[in-house]
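Inspection log for the structure reproduced underneath, given as structure tokens.
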Amino acid sequence: MLEVKDLAVRIGAPPTELALLERVSFRLEAGRTLGIVGESGSGKSVLALAIMGLLPAGLRASGSVRLQGQELLTLSEKELCRIRGNRIGMIFQEPMTALNPAMSVGDQIAEGLEWHQGLSRRAARARALDLLQRVGIPEAKRRLDDFPHQLSGGQRQRVGIAIALACGPQLLIADEPTTALDVTVQAQILDLLADLVAEMDMGLILISHDLGVIAETADETLVIYAGVPLEFGTSRVLFQKPLHPYTRGLLSSMPGGRGGRRARGVRLPTIAGVVPEPGRRPPGCRFAGRCPYEVAACNAALPDWHRLEGSQPARCIRLKELP
Amino acid sequence: MSALTRYATLFVGGAITFTLLAMALLSRVWTPAPPTQIRISQRLAPPLEAGLLGADHFGRDIASMLMVGAWNSLSIAFVAVLLGMAAGVLLGTLAAAWRGWAEEVVMRLADVTFAFPAVLSAIMIAALIGPGVTTAVIAIGVFNIPVFARIARGAALQVWKRDYILAARSAGKGALLITLHHVLPNIAGLLVVQATIQLALAVLTEAGLSFLGVGVPPPNPSWGRMLSDSQTYLSQAPHLAILPGLAIALAVLGLNMLGDGLRDVMDPKLRRKR
């Protein structure tokens, strides 16, 4: 349904051009969830904006993004407007700032329906009420005329989901949808998203820095580091048997993560160093310099996908030699 | 702090403005005496000797003239600011929505317009179409366009940076729809406050224009012309100058206080800083 091929996002003019994101390719089928995991600055949000065609001025996307066969990157702004919110919905990190404070939540949900589907005000309002009920807002009828500040954080995020779902999109992009929420509310929102994906047969791209969130919700996981995907596989396998040294490092630095509970008083392992900024990224493997298994050949060129017998692919030339 | 002291500016400004507005509206149906009736016997009569506030050099009742003058002054100011605000907000928000060369053109035009004081452009317009109410409205209105264009653009640019605009764009809305549904409601408070303050300025400018003879034509009374007529009689009948001067000062003070008060109510952040 969604096919991303060799997507790259660059900034600046050719001599001093910088790639914020490169060599991103994946497929997503309807009813499935793709988790995209990476640290801050790895290019996760840029990826989401590139798919939506909402990159800030100065950033250029190249490659190919096809939604049901239709190429999105070459569409005009006008054509994109017809797709955004209609065939692709987006959920944002901060439910407080992603809602218009001067507009009732009912109107904000109804707006897209009137705009994209030409519904009458009444019909859109009725549909907004259905949506509010579907995303689990209690006393939805009364809430319809509430303003965002009258809702709790979790309820606001539910409203954000209702807005994204309003037109029945084929693809839903959720950029850190639970990061600003309490842990208990987080779980509820993730459950809701999982239900909706199954029920409405959408594809969901779930972007998060939280490995727990991804492991729980995503069917497949793409690990991005410094603008390049390093490992891609079904979540169950990837989280049990991570191959790339970066993914391994990430998982072992999770409290209570891989290897079960750790004894009290034992320090969590960390990955030495920091994520390099764009422009200071190593020429070869982006993880070189922080990788415990680095050899000279790692810096020669960006590694291609390698895989062990029957395993998921990982961008590491030493995959077979790793302990 | 009680509500009364916290909102003192708002209440006092509101009370003054409301009183003047009531006088202006009342003048449409009733005045103590016909404001244009000449009674030479009462010429230059001091307050309370003829009518409540005395009579001018033609023996016209000053209280009545001030009431009608309030109507003229406030209605011209109101219409002019409204027109200037409509045009200015339209240009400013579009500049913020489109950015690029459109923004440059709008803002540089605003700079050029801003360089001409309202009084100067009024005299130019009066030279073209003759003095009168229309001239005053156009001159004051045009003067208000760049003021509102700048404020609307600045505020709109800030709103455009918010997440909910990105959310609106991700919902497929174009720049015009976003401006209408998301930007305008979020800058409306600021614009209302600015409009109140611009009203004060417009009242003052209108008085200046009538003083120079390019505003409301005689015999229709106006504060500015009452002031200008009073100059000759300053030593004989100072109330001829003091009373319209007081009316102008009160109107400007009232509207300014109302604007300040509204700003304090609408912008809690600003209030805390004080």
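Of the trypsin sites (Lys or Arg not before Pro) in the range B:1-97, the ones in a loop by DSSP (not H, G, I, E or B) with at most 12 other beta carbons within 10 Å are B:Arg28.
Here chain B is treated as a sphere whose radius is the Kirkwood value from Cα pairs; by Stokes-Einstein at 4 °C and 1.567 mPa s it diffuses with a coefficient of 63 µm²/s.
Rounded, prolate or oblate: which fits the range B:99-180 when a ≥ b ≥ c are the square roots of the eigenvalues of the alpha-carbon gyration tensor, with rounded for a/c under 1.5 and prolate only if a/b beats b/c?
prolate
Annotation for B:Leu128 and A:Leu302: the two label points, set 7 Å from Cα along the Cα-Cβ direction, are 6.0 nm apart. GNM remark for chain A: springs join alpha carbons under 10 Å apart, and the peak mean-square fluctuation among A:Thr217, A:Thr97, A:Thr178 falls on A:Thr97. For chain A, the longest principal axis of the C-alpha atoms and the axis of helix A:121-134 are separated by about 50°. Checking every one of the GluC sites (Glu not before Pro) in the range A:52-145 against DSSP loop status and a limit of 14 other Cβ atoms within 10 Å picks out A:Glu139. Rounded to whole numbers, the Karplus 3J(HN,Hα) couplings from phi for the range B:101-118 are 5, 4, 5, 4, 4, 4, 6, 5, 4, 4, 4, 4, 4, 5, 6, 9, x, 4 Hz, using 6.51 cos²θ - 1.76 cosθ + 1.60 with θ = phi - 60°, and x at Gly and Pro. Listed values for the range B:228-241 are Karplus-derived 3J(HN,Hα) couplings in whole Hz (6.51 cos²θ - 1.76 cosθ + 1.60, θ = phi - 60°), namely 5, 5, 6, 3, 4, 9, 3, 7, 6, 9, x, 5, 4, 8, and x replaces Gly and Pro. Shielding of peptide A:161-169 by partners, expressed as the average count of other chain Cβ atoms within 10 Å per residue Cβ, is 1. Scanning residues 5 or more positions from A:Leu21 or on other chains, those with amide H under 5 Å from its amide H are A:Val9, with H placed 1.01 Å from N in the peptide plane.
The range A:15-45 and the range B:95-166 have Cα centres lying 44 Å from one another.
The long axis of helix B:184-212 is offset from the longest Cα principal axis of chain B by roughly 30 degrees.
What's the magnitude of the charge dipole for the protein assembly as shown around its Cα centre, counting Lys and Arg as +1 and Asp and Glu as -1 at the beta-carbon? Answer in Debye, nearest 20. If you can, show how the numbers build up before the last one.
Values: 58 positive and 46 negative charges, 182 e Å.
My answer is approximately 880 debye.
The range A:182-197 and the range B:49-64 have Cα centres spaced 77 Å apart. Geometric descriptor of chain A, per residue, is 147 Å³ (volume of the convex hull of the Cα atoms). Distances between placed amide hydrogens fall under 5 Å for A:Arg281 paired with no residue 5 or more residues away or on another chain. Determine the distance separating the Cα centre of the range A:76-113 from the Cα centre of the range B:205-221; give it in Å without decimals. Between the Cα centres of the range A:76-113 and the range B:205-221 lies a distance of 51 Å. Comparing A:Cys285, A:Cys298, A:Cys81 in a Gaussian network model of chain A, where Cα atoms under 10 Å apart are tied by springs, the biggest mean-square fluctuation is seen for A:Cys81. Applying 1/(1 + (r/R0)^6) with R0 = 25 Å to the Cβ-Cβ distance of B:Asp163 and A:Ser40 gives a FRET efficiency near 0.90.
Rounded, prolate or oblate: which fits the range A:1-138, taking a ≥ b ≥ c as square roots of the Cα gyration tensor eigenvalues, rounded meaning a/c under 1.5, else prolate when a/b beats b/c?
prolate
For chain A, the longest principal axis of the Cα atoms and the long axis of helix A:105-117 meet at an angle of about 90 degrees. Each label point was placed 7 Å from the Cα along the Cα-to-Cβ direction; for A:Glu79 and A:Gln240 their separation is 4.4 nm.
Going toward the positive end of the dipole of chain B, with +1 on Lys and Arg Cβ and -1 on Asp and Glu Cβ, which of B:Thr9, B:Trp160, B:Gln231 do you reach last? Value: B:Trp160. Among the listed pairs A:Lys5/B:Lys161; A:Lys44/A:Lys141; A:Lys44/A:Lys320; A:Lys141/B:Lys161; A:Lys44/B:Lys161, those with a Cα-Cα distance over 26 Å are A:Lys5/B:Lys161; A:Lys44/A:Lys141; A:Lys44/A:Lys320; A:Lys141/B:Lys161. So for the protein assembly as shown, what are the equivalent ellipsoid semi-axes in whole Å, largest first, each being the square root of 5 times an eigenvalue of the Cα gyration tensor? Output for the protein assembly as shown: semi-axes of 67, 25, 21 Å. So, R0 is 51 Å and r is the distance between the beta-carbons of A:Gln133 and B:Ala86; what FRET efficiency does that work out to, to 0.05? With a Förster radius of 51 Å, E is 0.80. Taking each DSSP H run with n ≥ 4 as -39500 (n - 2.57) and averaging over every residue of the protein assembly as shown yields -16000 deg cm²/dmol at 222 nm.
May I ask you to list the trypsin sites (Lys or Arg not before Pro) in the range A:224-323 that are in a DSSP loop and have at most 12 other Cβ atoms within 10 Å of their Cβ?
A:Arg261, A:Arg264, A:Arg267, A:Arg280, A:Lys320
The Cα trace of the range A:91-245 gives Rg and Dmax of 16.8, 56 Å, the first to one decimal, the second as a whole number. Backbone phi angles across the range B:148-160, fed through the Karplus curve with coefficients 6.51, -1.76 and 1.60 (θ = phi - 60°), yield HN-Hα couplings of 6, 4, 5, 5, 5, 5, x, 5, 5, 4, 5, 5, 4 Hz in residue order; Gly and Pro are listed as x. Under a Gaussian network description of chain B, with springs only between Cα atoms under 10 Å, the residue in B:Gln194, B:Gln236, B:Gln42 that fluctuates furthest is B:Gln236. Across the range B:3-273, the relative contact order, built from alpha-carbon pairs under 8 Å that are at least six residues apart, equals 26 percent.
Model label points for A:Leu268 and B:Asp111, set 7 angstrom from Cα along the Cα-to-Cβ axis, are 5.3 nm apart. Could you tell me the calculated FRET efficiency between B:Phe11 and B:Arg39, based on Cβ-Cβ distance and R0 = 51 angstrom, to the nearest 0.05? Rounded to the nearest 0.05, the efficiency is 0.80. Around the amide H of A:Ile173, modelled in the peptide plane, lie the amide H atoms of A:Gly89, A:Met90, A:Ile91, A:Ile205, all under 5 Å away and 5 or more residues distant in sequence or on another chain.
None of the figures in this text is laboratory data; all of them are computed from the coordinates on show. Owing to the predicted nature of the structure, the values given are computational and were not obtained by experimental measurement. Because the Cβ atoms are built from the backbone with ideal geometry, glycine has one as well, and the counts that use them run over all protein chains shown.
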